[in-house]
Amino acid sequence: MQPAPQVTTKAHAKPQGRRPKRSLFRRRNILLGLGVLAIATGVYWWQAGSAANGDGTGDYMTAAVDRGNIEDSVTAVGNLQPRDYVDVGTQVSGQLRKVHVEIGQQVNQGDLLAEIDPTVYQTRVEADRAQLENLQAQLTQRQAELALAEQQHTRQKNLMAENATSEDAFQSAQKTLRAADAAVKAVNAQIRQTTSTLRGDEANLGYTKIYAPMSGTVVSQNAKQGQTLNANQSAPIVLRIADLSVMTVTTQVSEADVSRLKIGMHAYFTTLGRPERRWRGTLAKINPTPEVVNNVVLYNALYDVENPGGELMTQMTAQTFFVVASADNVLRVPVAAFQQRQPRAPGSAGGPQGGPQQAGPQAGAPPQGGQPPAGANGEQRQRRRDGNAPAGAPPGEGGQRERPRMVQVLKADGTLEERRVMVGVADRVNAEIVSGLNEGDQVVVGRKPSSGQLKAQQQQQQQNMQRMRPPGML
């Protein structure tokens with residue numbers, strides 16, 4: 001066996017040879033990590049510099065300034081009714097014997113529409129006429145008695161003058177004369193009464209035949225042939241006649257929008273069957289008394305439209321638009337350009353990020369590029385104002401309401417520029433640009449969603465689809 005000190009010396013010799021290799025490997029890992037970190041830092045600063053120089057413009061969603069029409073309107077739903085119509089009823093009771101017309105038939109004023117059984121009223125007329133003949137005979141008798149009484153009174157008066165008769169005979173002759181005269185007057189009164197009753201019964205007999213009170217179209221029939229009608233409490237409606245050449249649109253406008261309506265403003269509507277066809281009219285009346293439906297206060301607004309072809313029918317649904325203001329062939333941008341205010345990118349016009357912002361062009365001043373404002377001198381720009389602009393807008397020249405707003409424009413070099421524009425008529429989608437922009441300018445309307453946001457949206461859609469699957473389906 002070898003001595004112990006020599007074994008110990010060999011055991012310590014192996015670790016001394018391995019230490020330099022481990023240190024070298026550790027140093028290589030540290031240098032590699034520092035290199036990767038330097039590369040990532042360089043890439044980051046290169047991307048930041050590219051964004052500052054306008055290379056990151058793909059993150060913005062833009063819309064081009066185009067030319068078109070804008071309309072600010074109040075919408076409401078209504079229905080159609082004929083402007084002139086009449087409910088034809090009956091003034092007498094009885095069985096509806098015959099109806100001479102049908103629904104949809106054209107009738108003229110005075111045409112026979114229906115007949116009610118006249119038997120009862122004919123007997124009344126005949127009885128009145130017989131009573132009248134009886135009274136006429138009584139009148140003849142009373143008149144003869146009156147003539148005799150006058151002759152007797154004259155004879156007694158002459159005899160009394162010669163003292164050839166008694167006072168009692170003379171007074172009796174006077175009494176007979178007065179009674180005969182009263183009897184004649186009584187019969188005459190009965191004749192007038194019977195004549196009046198006869199006229200009423202003849203009128204009721206005439207009411208058994210129902211005639212058209214106006215020219216038009218039979219649009220509805222409430223009573224059927226053979227039905228018994230009772231007119232003692234109310235006049236039963238037999239049918240309705242309407243003039244369909246002019247229709248009235250009755251719309252219900254909420255209390256939030258009724259203040260924007262003005263008598264005489266233009267209005268139009270579309271029907272469900274022909275949404276591309278516009279029927280136009282002028283607001284004629286706003287009823288002051290509202291209707292409350294489910295705690296919602298609604299006011300009835302009415303206007304008339306011509307219907308020469310008869311395409312409009314009763315009770316049609318009318319989607320109505322009351323034109324508050326409109327502008328034709330003007331520059332317009334999406335309203336999202338005002339609502340979505342984007343942060344200024346580094347290096348964009350208006351000063352460095354975090355510094356003071358410079359105001360855009362003043363109202364009425366030409367935009368950059370040396371071009372005049374859109375629609376200057378009235379060229380290629382036609383306006384039509386039918387009322388007031390949206391509430392809260394300051395009044396402009398000529399009674400028009402215009403207001404300044406700020407938008408961001410993406411320039412050709414990729415930088416963003418804030419501009420002050422004058423906005424005119426606006427609807428829920430677009431707004432009119434009076435000055436500050438040119439046709440074709442790209443305005444920022446938002447930012448594109450990031451990859452993380454897109455992934456989250458896709459995951460949410462997948463979860464929603466999984467919830468909608470029936471049980472047991474994969």
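A short reminder: the numbers here are calculations on the coordinates, not readings from a lab. Small disclaimer: the values here were computed from a predicted structure and weren't measured. Note: ideal-geometry Cβ built from the backbone for every residue, glycine included; neighbour counts use all protein chains shown.
Length available on full extension from Lys411 to Gln460: 0.36 nm per residue minus the Cα-Cα distance, which gives 14.0 nm. Couplings 3J(HN,Hα) for segment 93-102, derived from phi with the Karplus relation 6.51 cos²θ - 1.76 cosθ + 1.60 (θ = phi - 60°), are 8, x, 7, 6, 6, 8, 10, 8, 10, 10 Hz, where x marks Gly and Pro. As a proxy for reagent exposure, ranking Val335, Val293, Val101 by other Cβ atoms within 10 Å from fewest up yields Val293, Val335, Val101. Which residues does the label zone of Val86 cover in segment 201-224, counting backbone N under 11 Å from a point 7 Å along Cα→Cβ? Once the point is set 7 Å along Cα→Cβ of Val86, 211-216 turn out to lie under 11 Å by backbone N, inside segment 201-224. Along segment 226-240 the Karplus relation, 6.51 cos²θ - 1.76 cosθ + 1.60 evaluated at θ = phi - 60°, assigns HN-Hα couplings of x, 6, 8, 10, 10, 9, 6, 9, 8, 7, x, 8, 8, 7, 10 Hz to successive residues, with x for each Gly and Pro. Expressed in Å, the radius of gyration and Dmax of the Cα atoms of segment 87-217 are 26.6, 89. Around Leu312, what is the net charge, scoring Lys/Arg as +1 and Asp/Glu as -1 over all other residues with Cβ under 12 Å from its Cβ? Result for the neighbourhood of Leu312: 0. Close amide H pairs (under 5 Å, H built 1.01 Å from N) link Met214 with Gly110, residues at least 5 positions away or on another chain. Calculated FRET efficiency, Lys262 to Lys224, Cβ-Cβ distance, R0 = 41 Å: about 0.30 to the nearest 0.05. Residues whose amide H lies under 5 Å from that of Val324, counting only those 5 or more places away or on a different chain, are Asp72, Ser73, Val74; hydrogens are built 1.01 Å from N in the peptide plane.
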